[in-house]
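Here's the structure, in structure tokens; my notes come after.
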Amino acid sequence: MKQTLEEILAQVEKPARYIGGEYNEAEPFDGRLNYCICFPDVYEVGMSNLGIKIVAEAIRGVKGAYVDRCFAPWPDFGEKIKENGIELYALGNKKPLKTFDMIGFSLQYEMSYTNVLYMLDLAGIPLRREDRGEDFPVIQAGGPCACNPEPMADFIDIFTIGDGEDNMRRLAELKIECKSKEEFLRRAAEEVEGVYVPALLNVVYGNDGKIKGFSPDKKIKKALCRDLDSAVYPKKFLVPNIEAVFDRAILEVMRGCYRGCRFCQAGFLYRPVRERSKENMVETAGSLICTSGFDEISLNSLSTGDYRYLRELIPAIKESLPGVHLALPSLRLDSFDGDFVQESRKSSLTFAPEAGTQRLRDVINKDVTEDEIMRGIRQAFEQGYTGIKLYFMLGLPTETDDDLKGIRDIVYKIRDVFSARPNRLRSLRISVSVSTFIPKPFTPFQWERQATREEVEAKIALLRKELPLKGVSFSWNDYALSEMEAVFARGDRRTGKVIEAAYKKGCIFDGWSNIFKTDEWYSAFKECGVKPSDYTREWGENEILPWDFIDVFIDKKFLLKERRLAYDGKVTGSCLSGCKGCGLHNVFCPKKDELSAKKGTSKRGEEDL
């Protein structure tokens, strides 16, 4: 006998994930456009995401648009609703997803791709776009992974690439205007900035299996929000029914990053740097706290220490919101200032040196010296911190065993700094976490190969031998998971059939290491005749890349120059030391004139070649 939803909720873990009714939820209504934001991970992760909050706010600004939300059900709930013929529904109006006009997926990481198929399947929506007619919603996707949309091109009707504030509003307006899905997709591709419709692009392959070209040969330019202060930003957040991963208010103080780390995709995708004013942030902070009851605010950006008003913003928020704690995300050691965190909760601080030696930090353009690392650590200890989390990568271009042993040396030096302090009341805890380097699109390392399993296992063994120290924990990620991420970061349309095959073998929640099904994934590749090594290999600099039809305004010649400087071990430095000519200065860069006036050297005085 079929069970009701109420009966199912009584049997599953954390039923509050599936009931809606969060504090600050708007009253549901039947709109001229009914749009559902789908986040392909669990409720606690999705409710922490700022991007979907901004997109929802943008669409709500369109007259007659109703915005709802849905998250990937944990397997216990997913299995139960499928067994009992209950289709996946939105949390606000409780209507099945397939009754909406448009569904938007936020693609934050590659290993969420099977969850997109999982949610479509639970909703009773055909997986492939070619099988969906007018009776089904338009399936849209955005987020950072949309910069290479090709692995998901068979499943998504329309991608939005770049900043979502303006183009998502315009897309919603256009959907209301158009009488058919075909008309909407055609006009969106022609009229809306940052829109890619896979059905309108053909990929041409050569006899060697490599991409020969695209038809039509037209660049899709990313959407760019030029003024964050005037852009939409939510003044209140939904308060989760259960504790979220980040259970606090979030202020995006700036977008983009000056630094130019050669491995960092976000640092290039979100260029140029655009800052919000201090006054805007103080006002928004007050609204978020007063409407939510949160007692903590996170000051978010890719490099919050570079926000030029930070020293003024922190005391201004503390004065207007006494008793509210401030949190800063992972900090660059050279921009760390103890004053920034002196009032925050004293648990542990996270730093990301990325590499163990100065030589390798120069290769990746992590323009930070060992003296700066130790100075940042000292300031952390002076503020009472006794826990330090350190993140490094392995398998970086040109890496040697000496670079890995440099990680051990940093740990020893941190212990020495701590031991030299008087009146130590607690013992030091150091957490060292390493992840396998993944070459990503639109970075100077997009052509690099990924280290093999054997190479990574040897590197882990070396570090395990070097780091059996009291008070030091050491962790690393699963190689197969990193390999899959690399494949789908640089994948073409042929990898889409692997994603579908893996889903049909039961692969979901692949970003969760305790659920990731290694054997099923490798079986899917074999079944589809696709080799992971075809995507983790080194790519030729003259090869056409699967994402070459996307224009994020970063000049490919600039990326190649940066790649060669990396192999020469030369530091370019950040934009703050002078304009580097990445390509955005020809399109839009708020600080173009100021940066161009500088000499273009790194802070360590090396020439920008």
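A few notes on this one:
- The set of residues in segment 357-395 that are within 23 Å of R262 (Cα to Cα), within 24 Å of the chain's Cα centre (by Cα) and either modelled with pLDDT under 95 or outside any loop (DSSP other than H, G, I, E, B) (or both) comprises R361, V363, K366, D367, V368, K389, L390, Y391, F392, M393, L394.
- Spans of helices (runs of 4 or more DSSP H) in segment 511-573 with at least 1 residues within 20 Å of V204 (Cβ to Cβ) and in contact with a helix residue (DSSP H, G or I) (Cβ under 6 Å, 6 or more places away or on another chain): 533-536
- Residues that are of a type in the set (A, V, I, L, M), under 25 Å from T452 (Cβ atoms) and surrounded by 23 or more Cβ atoms within 10 Å (Cβ to Cβ), drawn from segment 345-387: A355, L360, V363, I364
- Residue match in segment 436-448 (condition: of a type outside the set (F, W, Y), surrounded by fewer than 19 Cβ atoms within 10 Å (Cβ to Cβ), in contact (Cβ under 8 Å) with a residue 24 or more places away in the chain and in contact with a helix residue (DSSP H, G or I) (Cβ under 7 Å, 6 or more places away or on another chain)): no
- Looking only at segment 213-241, residues that are farther than 25 Å from L321 by Cβ and assigned to a loop (DSSP other than H, G, I, E, B) come to 9 in all.
- Residue in segment 218-230 that is closer than 20 Å to S298 by Cβ, out of contact with any His (no Cβ under 9 Å at 6 or more places or on another chain) and surrounded by fewer than 19 Cβ atoms within 10 Å (Cβ to Cβ) present: yes
- Yes/no for L469 being in contact (Cβ under 8 Å) with a residue 24 or more places away in the chain, within 25 Å of T350 (Cβ to Cβ) and not in a helix (DSSP H, G or I): yes
- Condition check for E500: touching an Asp or Glu at 6+ places or on another chain (Cβ under 8 Å), modelled with pLDDT of 90 or more and in a helix (DSSP H, G or I): yes
- Residues that are in a helix (DSSP H, G or I) and out of contact with any strand residue (DSSP E or B) (no Cβ under 8 Å at 6 or more places or on another chain) within segment 166-192 comprise R169, R170, E173, L174, E177, E182, E183, R186, R187, E190, E191, listed in sequence order.
- Residue count, segment 268-294 (criterion: in a loop (DSSP other than H, G, I, E, B) and under 25 Å from K591 (Cα atoms)): 6
- Residues that are in contact with a Lys or Arg (Cβ under 7 Å, 6 or more places away or on another chain) and touching a residue at least 60 places away in the same chain (Cβ under 8 Å) were ranked within segment 253-265; the one that is farthest from R563 (Cα to Cα) is V253.
- Residue check for S292: at pLDDT below 95 and either surrounded by 20 or more Cβ atoms within 10 Å (Cβ to Cβ) or more than 30 Å from G578 (Cα to Cα) (or both): yes
- Residue check for E13: surrounded by fewer than 19 Cβ atoms within 10 Å (Cβ to Cβ), more than 27 Å from T160 (Cα to Cα), within 26 Å of the chain's Cα centre (by Cα) and in contact (Cβ under 8 Å) with a residue 24 or more places away in the chain: no
- Residue list for segment 146-165, restricted to those being charged (D, E, K, R) and in a loop (DSSP other than H, G, I, E, B): D154, D157, D163
- Unique match (being surrounded by 16 or more Cβ atoms within 10 Å (Cβ to Cβ) and at pLDDT below 95) among V472, V456: V472
- Just one of the listed residues (L428, L390, L394, L463) is crowded, with 19+ Cβ neighbours inside 10 Å, in contact with a Lys or Arg (Cβ under 6 Å, 6 or more places away or on another chain), in contact (Cβ under 8 Å) with a residue 40 or more places away in the chain and more than 30 Å from V204 (Cα to Cα), namely L394.
- In the set (1) in a helix (DSSP H, G or I); (2) over 19 Å from A72 (Cβ atoms); (3) touching an Asp or Glu at 6+ places or on another chain (Cβ under 7 Å); (4) not β-branched (V, I, T), the condition left unmet by G491 is number (1).
- Residue within segment 129-147 that is closer than 18 Å to A189 by Cα, of a type in the set (D, E) and buried (at least 24 other Cβ atoms within 10 Å of the Cβ) present: no
- Scanning segment 16-47 for residues that are under 24 Å from the mean Cα position of the chain (by Cα) and surrounded by fewer than 21 Cβ atoms within 10 Å (Cβ to Cβ) yields a total of 3.
- Residue check for R493: surrounded by fewer than 17 Cβ atoms within 10 Å (Cβ to Cβ) and in contact with a helix residue (DSSP H, G or I) (Cβ under 8 Å, 6 or more places away or on another chain): no
The values are calculated or read from the model by the stated rules, or taken from the named source; none is laboratory data. Bear in mind that the values here come from a model prediction, so they are computed numbers and not experimental data. Positions of Cβ are generated from backbone atoms using ideal geometry, with glycine treated the same way; all protein chains shown enter the neighbour counts.
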